[in-house]
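Structure first, then comments.
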Protein chains: 2
Amino acid sequence: MIQAAIMGYGTIGSGVAEILEQNQAEITRAAGQNVALKYVLDLRDFPGTPIADKIVHEFKVIEEDPDVQIVVETMGGLNPSYPFVKASLEAGKHVVTSNKALVAAHGTELLAIAKKKGVNFFFEASVGGGIPIIRPLYRCLKGEKIEEITGILNGTTNYILTKMDKEGETFEHALKEAQELGYAERNPEADVEGQDTCRKIAILTAMATGKEVNYEDIYTEGITKITDVDFKYAEKLGTSVKLFGSSRIQGDEVHAFVAPVMIGRDHPLYMVSDVFNGILVKGNMLGTTMYYGSGAGKLPTASAVIADIIEAAQNEKQNVPMGWTDERLEIAEMETSAHRYFVRIAGTAAEKLAEVTTLFGEVTVVELDGLDEFAVLTGKLTEAAFQDMAAKLDQGYQAAGEDGIRQMIRAEVE
Amino acid sequence: MIQAAIMGYGTIGSGVAEILEQNQAEITRAAGQNVALKYVLDLRDFPGTPIADKIVHEFKVIEEDPDVQIVVETMGGLNPSYPFVKASLEAGKHVVTSNKALVAAHGTELLAIAKKKGVNFFFEASVGGGIPIIRPLYRCLKGEKIEEITGILNGTTNYILTKMDKEGETFEHALKEAQELGYAERNPEADVEGQDTCRKIAILTAMATGKEVNYEDIYTEGITKITDVDFKYAEKLGTSVKLFGSSRIQGDEVHAFVAPVMIGRDHPLYMVSDVFNGILVKGNMLGTTMYYGSGAGKLPTASAVIADIIEAAQNEKQNVPMGWTDERLEIAEMETSAHRYFVRIAGTAAEKLAEVTTLFGEVTVVELDGLDEFAVLTGKLTEAAFQDMAAKLDQGYQAAGEDGIRQMIRAEVE
């Protein structure tokens, strides 16, 4: 038997307790031993629930109990998660976490402590909810040179964009609906501004490259400027718009960004709708693979925590190498990355197209009835070149006292 | 350093040698030691190639060389693969194979020998080419009760069906094209009759249930009866037709089949086109996940072999439990499984619908211009009930000297 403690009895923590109970036979068989829940750390009591007698209010109880070999951190945030997790590892306990903020901010240090102590620090649930993605990266794809990881990593924004796409809703309306359904927080900034996705792609990039990633180095743009009008053009183009977290790795040159991207129907992530997540991994030998599932939710996320608990129990006496070192990854400046661009421009194509093609080169033009604007899809340009051309185009408009570019969305369309 | 031998220098075997060379740094880092190729067993010589000096023609050389710790079997078929693999395991060597026929026919025995000898028998490449699916089942999803595994597991048939769907081709024409491109064999029976898919779903079912599966117990129907007319209806219905290998597990009741299935656009496997494979896994806590990638091809498949080689090297001295026991899984009779059915019926809906609804209950009707038939989509019925109703309907036609049911395709449409 191996004993575990859960820190934080919220949605995910209670899901973990529930699965430990309900799938006990499967977990025992897989772990090679019974996994027993000894403590649940929470500020609250939960009288009348199955874990009522396991509640403790002091971390010290867990830290100082040598019988607790696995600590499950499902509190979220950095404080007190970070000191508690660090102390648990220092005390020679395995730690399993669902906390992307913790892993993105302190992963390198916590992995190093785990290694030193001969225990494990696992975080499958920190990215992609229930989708196995961290473990495939260190268990299945370690013989590959990873060339790209691109994911739809945030269920809230994907739900909002899906509503805008399929039902023509405005951003504001779709956000409100997501809030009413409990998919979005009252303060949705971390989701809609891309910060959540940023931490997740930082973790995936560290796993793919074996290097430490400072998530603040990753260019991050949210979805708050995407409008229902953009989706009208998208429909005409047979495309959709998704919030991507993406890293492209070519030797020592790594580009990473979080931004809305316009994609076509043949993109493997096109079908990832609603609150689902999908992650595309491209290896130099393997080609493209894709992993799809529930990116959030109590039981799917708790299921990923359970997979980590099982691996910790299987490796009770040894550290499993994750390949994430303390060498810092250098991420190229966003302005050196190249994309196609979907651009909405005031005026009519008839008047403006000559100027537009002079600046951007050959473009695909899209026009919608009843709008005093048109849109183009450019060829591949670096960000720097695009910004420069866009500024020149805007100048022309401003001189004439008009609006210029109304929207720019990066595009990956064949 | 750990030394390996490859048996069979065909497409996959040569791919393995190529990746061992090209991704040497990644493989060494992941395996924790250098993986050196000592021998390549083949009847042919390969003068002037990098492996020319490694060629041996006698299995005995590999079997009797204690330096060879990993044997890679990429010959295919059962003879001499089976005796060679068995002897390698008996000699205390790890075996990695891409051979679905071998795993489906002898997996239980070979896994038992590996366990007894404290070595490993790995077969990631036997299903889904480069897609990590076997390893996720024993590494990531072991705490789940698996409720369903459904896959598009054969690239050849998926290519043919995609051509029929997107370009309106007949089966015969699409098959010919697949043969010209080298996607289909001159004798395509194992693919188009579903036998390849059958072996793969048998392996996945054994991994999901932990029990031995006799692939001959799995109802298997290929795609040779699917026509371009079916796809005309599918287009009107917003559906497609894919060859599924599928197991549905509810407690002790397991249904498994290989058959073409009509699915809607919201099915996670709808987007799996051309030679790609996709595998959906549903867990009781996790919900639905999906794994997508190249189901065949030299380097993707070899990449899966490499992942197994790495895991064998990491576990040089121990057997990794795969959870596949020798307890035989009982698979329910096909006639007790329930589906919706797409049915094409001679005559017009106006004449025949009353009779059809009397038999099948409420149906969705589809009519195409210029055909002397119509189609319906039934509600969920057991196979036994459907066959009975279909026979009754046919009788009515035969009595009137007419054609009856022209086509039946199982359907999973919302």
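Express in % the proportion of alpha carbon pairs of region A:49-181 at distances exceeding 20 Å.
It works out to 60 percent of all Cα pairs.
How about region B:315-414: which chymotrypsin sites (Phe, Trp or Tyr not before Pro) there lie in a loop by DSSP and see at most 15 other Cβ atoms within 10 Å?
Sites meeting the loop and neighbour criteria: none at all.
What list of ³J(HN,Hα) couplings, whole Hz, do you get for region A:196-202 from phi and the Karplus terms 6.51, -1.76, 1.60, once you set θ to phi - 60° and write x for glycine and proline?
Karplus-based 3J(HN,Hα) across region A:196-202 equals 4, 4, 4, 5, 5, 5, 5 Hz.
Using only helices, what value at 222 nm comes out for chain B when you add -39,500 (n - 2.57) per DSSP H run of length 4 or more and divide by the total residues, to the nearest 500 deg cm²/dmol?
Result for chain B, helices only: -11500 deg cm²/dmol.
What is the extension gain from A:H173 to A:K317, computed as 0.36 nm multiplied by their sequence separation minus the C-alpha to C-alpha distance, in nm to one decimal?
46.6 nm
Between copies, how far apart are the A:E180 label points? List them in nm, one decimal, shortest first, with each point 7 Å from Cα toward Cβ, please?
From this label point to the equivalent ones elsewhere in the assembly: 5.6 nm.
Round to the nearest 10 and give me the degree value, 0 to 90, for the angle of helix B:171-180's Cα axis relative to the longest principal axis of chain B.
20
Can you give me the orientation-averaged projected area of the convex hull built on the Cα atoms of region A:106-153, in nm²?
Mean orientational projected area (region A:106-153, Cα hull): 4.2 nm².
Where Lys and Arg each count +1 and Asp and Glu each count -1, what net charge lies around A:A190 among other residues with Cβ under 11 Å from its Cβ?
-3
Please work out whether region A:165-232 counts as rounded, prolate or oblate from its C-alpha gyration tensor, where a ≥ b ≥ c are the square roots of the eigenvalues and a/c under 1.5 means rounded, while otherwise a/b larger than b/c means prolate and anything else oblate?
prolate
Specify whether the C-alpha gyration tensor of region B:372-414 places it in the rounded, prolate or oblate class, a ≥ b ≥ c being the square roots of the eigenvalues: rounded for a/c under 1.5, otherwise prolate if a/b is larger than b/c and oblate if not.
oblate
Across the Cα atoms of chain B, what radius of gyration and what greatest pairwise Cα-Cα distance (Dmax) are found, in Å?
Considering chain B through its Cα atoms, Rg and Dmax are 23.6, 77 Å.
Tell me, what does the Kirkwood hydrodynamic radius of region A:123-226 come to in angstroms if you use every pair of distinct C-alpha atoms?
Every distinct Cα pair counted, the radius reaches 14.9 Å.
Return, for the Cα atoms of region A:142-291, the radius of gyration and Dmax in Å, separated by a comma.
Radius of gyration, then largest Cα-Cα span, for region A:142-291: 15.4, 46 Å.
Do the alpha carbons of any pairs in A:K100/B:K282; A:K282/B:K115; A:K211/A:K317; B:K100/B:K163; A:K60/A:K116; A:K54/A:K86 sit beyond 32 Å of each other, and which pairs?
Check vs 32 Å cut-off fails for A:K282/B:K115.
Can you give the angle from 0 to 90° between the axis of helix B:11-22 and the longest principal axis of chain B, with both taken from C-alpha atoms, to the nearest 10?
50
Just for the protein assembly as shown, what percent of DSSP beta bridges are antiparallel, to the closest 5?
Percentage antiparallel, nearest 5: 65.
At 10 °C and 1.306 mPa s, grab the translational diffusion coefficient of region A:334-412 from Stokes-Einstein with a Kirkwood Rh over Cα pairs, rounded to a whole number in µm² per second.
127
Would you mind checking the tilt of helix A:383-399 against the longest principal axis of the Cα atoms of chain A, expressed as 0 to 90 degrees and rounded to 10?
The helix A:383-399 is inclined about 40 degrees to chain A.
Select from region B:59-110 those GluC sites (Glu not before Pro) which occupy a DSSP coil region and have at most 15 other Cβ atoms within 10 Å, ordered by residue number.
Those that pass, being in a loop and sparsely packed, are B:E64.
Take the Cβ-Cβ distance between B:E330 and B:T358 as r, set R0 to 51 Å, and report the resulting FRET efficiency rounded to the nearest 0.05.
The formula returns an efficiency of 0.90 here.
Quote the FRET efficiency, to the nearest 0.05, computed for B:T11 versus B:E58 with a Förster distance R0 of 25 Å and r equal to the Cβ-Cβ distance.
With a Förster radius of 25 Å, E is 0.65.
Once you average over the residues of B:288-298, how many Cβ atoms of partner chains fall within 10 Å of each Cβ?
6
Using the C-alpha atoms of region B:256-332, what convex hull volume per residue, in cubic angstrom, is computed?
It comes to 172 Å³ per residue, whole-number rounded.
In region B:160-265, which trypsin sites (Lys or Arg not before Pro) are in a loop and have at most 15 other Cβ atoms within 10 Å, using DSSP for the loop call?
Taking region B:160-265 and a limit of 15 other Cβ atoms within 10 Å, the loop trypsin sites (Lys or Arg not before Pro) found are B:R186, B:K225, B:R265.
Averaging over all projection directions, find the projected area of the Cα convex hull of the protein assembly as shown and quote it in nm² with one decimal place.
Computed as one quarter of the Cα hull surface, the answer is 38.7 nm².
Using a Gaussian network model of chain A with C-alpha springs under 10 Å, which one of A:Q398, A:Q250, A:Q314 is most mobile by mean-square fluctuation?
A:Q398
What share of all Cα pairs of region B:1-110, in percent, falls into each consecutive 10 Å distance bin?
Each 10 Å bin holds this share of Cα pairs: 15, 48, 32, 4, 0.
Since every read-out is calculated from the coordinates, none of them should be taken as a lab result. Keep in mind it's a predicted model, so treat the numbers as computed, not measured. Quick reminder, even Gly has a Cβ in these numbers, built from the backbone with ideal geometry, and neighbours come from all protein chains shown.
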